[in-house]
Amino acid sequence: PDGRTCHVTLRRERVAPRPERPSRFTAAPSPMANHPGLNMVCATEMHEMDVSAQGSSFVDSDGRRITLRGVNLGGSSKFPTTPDGRTHLAEGFFDTAASVSFVGRPFSLEEADVHLRRLRAWGVNALRLIITWEAVEHAGPGLYDDAYVKYLVHVVSRARHFGMVVYVDPHQDVWSRFSGGDGAPLWTFEKVGLDARAFQETGAALVHQTWGGKGTDKSQFPRMAWPTNLHKLACATMFTLFWAGDKFAPTLRIDGEPVQAYLQNHYVRAMAYVAEALRRLPNVIGFGTMNEPLPGYVGIPSLARLSGPLKNDLMPTPFEGMALGAGHPTKVGVYAIDSLRSLAAGLPVDTKLVNSHGRSAWLPGHECVWKRHGVWDVDPRTNRPRLLKPDYFAKVDFGRECYIPFASTYAQAVRAAGNPEWLIFLEMPPADLGLAAFPKMDVKTMGGGMVHAPHWYDQLTLFLGKFVPWASLDVQTGTPALGEAAVSRLRAHQLKEMVDQAATHVGGAPTLIGEVGIPFDMHAREAYAEGARRTLTNCSNALSATVNALEANNLSYTLWCYAPDHTPEWGDGWNREDLSLYSMSAAREVAKDLDPYGVHAGGRALSAWVRPYAQALGGDATRPPHFDPETRHYELIYKHDPTLHEHATTDIFVPVPVQYPDGFDVLLSDGSFEVEQHTTREGGHAIVHYHPDRAHETHTIRLQPKQHASPKAGSVKRAVSSRSLQTESTLASWLCCCCPLEESRNTDLDLKRQESQVPLRGHAGDEPTDAASEPSSGSGYLGPTREKATTNQQRQTLDGTDPRIISRV
């Protein structure tokens, strides 16, 4: 009656009472009840979604180690829905910049459940939700798109319904759509005096929308050329002013405010506005600071030379870029990413005269900000540009002097607006580009709760569009790796270095690989070829090798990417990239009889990355869990944490239709289990809930495809009593559970009961109390009862050999 909000918490009843744990999410009165997002979502907790950082691990409210496996949602969130912002479309590109809408990115609300259900069936429990500064504040400084923010609240709420945690990624690539990437709104250029309409002609940026002019075949846009914008005038100038405008452009002010403060304040306030709208959703676990932040010119030793290993297409030096932007025609080197001359020797394959008409990249009334600050001028004798201070930007440590102060301020603002216990996902420039050294961070002074969230790609596969399993290159050191074993070691080693970096430079924080993936248009687009040439084999092998390296380091990660509107012609819709794990046009990979509702439809190379894994682990793995893609055997060995509640389970996701279409066996060294079997409407996956026998310190769980051979007479019994006998502590007993896959394959299965999701249960060491007739292989399904699977009296010790199946549900 008085307009206040009542917050109700609903919790699932556990197997046994447990001590109450304080919730991280407090239902405090709202200081902004009229915020556009808050009235759209019920403030009730459906179930606990708590994920926090504890040392180098993610943990839940029970203290179990959590593995986050997710996707970047989504690839098309970089550009607007209205008008269609795919980068090969130029119409209205500049004219609609202030009136665009990102509502519907990554998908419409009407389609949300379809996509989220699909992702859950693939084992996704975490989303890196892609948003951009432009999506929030495109209309002008301080003007926020409330419809978009409200839409985000709905998307995150639906993700919560499907049991997914979310961390928000303020995405950018080379500053903005208008400088060849995505991120910042157009008005940021205008505020510093840059004319985005002149970027293509002046070489200030390579932009797909304006590349080549009218009539150009946009499908010929140079592969992976967009990153070369990082040192071109538009991107490099904006990032330099954002990070270090006070030092390098002290006279430049916007609306009376120093340029650095102006740009950073607007960015931080826009993200805080989103944080405020999402603060009551308990599945939001944090925010990233900025996707792949680039230093601009900061730290460049000489403006007269190209720096870094990335050389592709037109590549002016930083000084040449400044001169071009001021209207001076200049011959520029042209590089080819697939040329040994460019790749190995770093030399151009050609030169090209750029800006022959002498157009300026600066708006009328503005001149080059770097010329104004004495970095270069024009020689009065020759009327040609001359470089005065080649090392003007050199003596600044980007990580220590620029990124850490920003990240600390950003974290404080986002947490103040959202939740004080949110995690902050830290990113530096991609290490393989060699742009900046990673600084040592005092995470306590930064507010704690930090996550190391670097990105990793196999660079040769990504940039060349070819997967060569026996050859790779360490881009940072230039060291080649030859032979499949050496290449596998290199991938695993590069990822291990990132884990070690978290220990040495980020205070021992957890590591989550925020981006990792493979291009699906590799090998001359063979995935889209006609007839017999069409194959996903190389894509699947490349993705499997990538996931193998991640699993070798027991890492959490979010794959790049899930693009709901992917098309074969234009891929993810952005700069000819094609990395989406989903495509509406993809051939079915899960048979229709196993997926009658099409939950898995559109998935690509599913067997390479949709794998069993421990979502929640009640202890510490003695070694990284291992899945063999060839045999489909999964093994987890861990030591339980004695401080956890006695009913804390280890939960293993099992992608039944993808990896085990004929069912699977669960083999245990001890303890008992339950199988939560999801219906085909939900994707048909299963969750194995394992209860360890705490009399043992170390526990082994194995999954394997169901054994088809019928057991010998008398070796398998079906339980007819729920009474169990005590497990013999002197022997390590093995139990095997054959999970029925789906309704149509079990004639004795009641469909309604299967959909009720009452779990199957099994125990190692239970003895039959009453003999029953022997079932055939795969039969004996107990249905949704509380009866327990049993073993016969023949036992086998855990001696490292593959155990024989001695009991089957």
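The values are calculated or read from the model by the stated rules, or taken from the named source; none is laboratory data. Everything numeric in this text was worked out from a predicted model, so none of it was measured. Note that each Cβ is placed from the backbone with ideal geometry, even for glycine, and that neighbours are counted across all protein chains shown. These accessible areas exclude ligands, DNA and RNA; they are computed on the full protein's heavy atoms, side chains included. Shrake-Rupley method; radii C 1.70, N 1.55, O 1.52, S 1.80 Å.
A few comments on the model shown:
- Long-range neighbours under 8 Å by Cβ, at least six apart or interchain, first residue free of Cβ contacts under 8 Å to residues at least 40 places away in the same chain within region 123-144, second of a type outside the set (Lys, Arg) and crowded, with 19+ Cβ neighbours inside 10 Å: LEU143/GLU137
- Whenever a residue of region 351-375 is closer than 18 Å to PHE248 by Cα, its partners that are open to solvent by 70 Å² or more (accessible area, probe 1.4 Å), lying with C-beta atoms within less than 6 angstrom and at least six residues away or across chains, give the pairs VAL375/LYS389.
- For region 335-352, the condition holds for no residue, the condition being that it is more than 29 Å from GLN459 (Cβ to Cβ), surrounded by 16 or more Cβ atoms within 10 Å (Cβ to Cβ) and in contact with a Pro (Cβ under 9 Å, 6 or more places away or on another chain).
- Residue in region 401-417 that is open to solvent by 20 Å² or more (accessible area, probe 1.4 Å), on the phi < 0 side of the Ramachandran plot, part of a loop (DSSP other than H, G, I, E, B) and modelled with pLDDT of 95 or more present: no
- Of the residues making up region 233-254, none is within 28 Å of GLU569 (Cβ to Cβ) and not in a helix (DSSP H, G or I).
- One residue stands out in region 620-660 among those that are among the β-branched types (Val, Ile, Thr) and part of a helix (DSSP H, G or I): the one that is nearest to SER61 (Cα to Cα), namely VAL656.
- Residues that are surrounded by fewer than 22 Cβ atoms within 10 Å (Cβ to Cβ) and basic (Lys, Arg) within region 261-288 comprise just one, ARG269.
A quick yes/no check of all residues on (1) free of Cβ contacts under 8 Å to residues at least 12 places away in the same chain; (2) within 20 Å of HIS115 (Cα to Cα):
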site	(1), (2)
ALA587	yes, yes
ASP595	no, yes
GLY598	yes, yes
GLY603	no, yes
PRO612	no, no
ALA616	no, no
ASP620	no, no
PRO624	no, no
PHE627	no, no
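- Matching option when the condition is of a type in the set (Lys, Arg) and either open to solvent by 20 Å² or more (accessible area, probe 1.4 Å) or out of contact with any helix residue (DSSP H, G or I) (no Cβ under 9 Å at 6 or more places or on another chain) (or both), among ARG611, ARG632, ARG604: ARG632
Matching residues to (1) of a type in the set (Ser, Thr, Tyr); (2) in contact with a Gly (Cβ under 8 Å, 6 or more places away or on another chain):
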{"site": "ARG69", "(1), (2)": "no, yes"}
{"site": "GLY74", "(1), (2)": "no, no"}
{"site": "PHE94", "(1), (2)": "no, no"}
{"site": "VAL100", "(1), (2)": "no, yes"}
{"site": "ARG120", "(1), (2)": "no, yes"}
{"site": "TYR151", "(1), (2)": "yes, yes"}
{"site": "SER157", "(1), (2)": "yes, no"}
{"site": "PHE162", "(1), (2)": "no, no"}
{"site": "ASP173", "(1), (2)": "no, yes"}
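- Only one of the numbered conditions (1) among the β-branched types (Val, Ile, Thr); (2) open to solvent by less than 40 Å² (accessible area, probe 1.4 Å); (3) farther than 26 Å from VAL59 by Cβ; (4) in a loop (DSSP other than H, G, I, E, B) is not met by ILE131, and that is (4).
- Qualifying residue in region 418-439 (condition: more than 30 Å from LEU233 (Cβ to Cβ), touching a helix residue (DSSP H, G or I) at 6+ places or on another chain (Cβ under 6 Å) and in a helix (DSSP H, G or I)): no
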